[in-house]
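Novice: I am attaching a structure below and will ask some questions about it afterwards.
Derivation of every value follows stated rules applied to the coordinates shown; laboratory data play no part. Quick caveat: nothing in here was measured; it's all calculated off a predicted structure. With ideal geometry, Cβ positions are generated from the backbone for all residues, glycine too; neighbour counts draw on all protein chains shown.
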Amino acid sequence: MKTLQNIQNQIVKLTTNIETNYPELYSVLDETPVSINYTTQPRISIKALEDYLESLKQILKQYIKTHHKK
């Protein structure tokens, strides 16, 4: 099982990669809604962060597939 710190590090690494290499994608990440249920879970769970990390990976994968054809 991944630790909270490990997941946070992966998120930072991935978002830094996106910011550096795909600035046009990075600029819209703030506009992408992230659903974390704060009313039933006042603290962000590891599962919520794992889901967020996975969504970032999928967004980047799809972006590369549709925008960076070689």
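Novice: Enumerate the pairs (first residue in the stretch 1-25 and without any contact (Cβ under 8 Å) to a residue 40 or more places away in the chain and within 15 Å of GLN62 (Cα to Cα); second residue anywhere and assigned to a helix (DSSP H, G or I) and polar (S, T, N, Q)) with beta-carbon separation below 7 Å, excluding pairs fewer than 6 apart on the same chain, so at least 6 apart or on different chains.
Specialist: Qualifying pairs under 7 Å: none.
Novice: Still on this structure: I'd like the full set of residues that are more than 14 Å from ILE64 (Cβ to Cβ) and of a type outside the set (D, E, K, R), limited to the stretch 7-19.
Specialist: Correct list: ILE7, GLN8, ASN9, GLN10, ILE11, VAL12, THR15, THR16.
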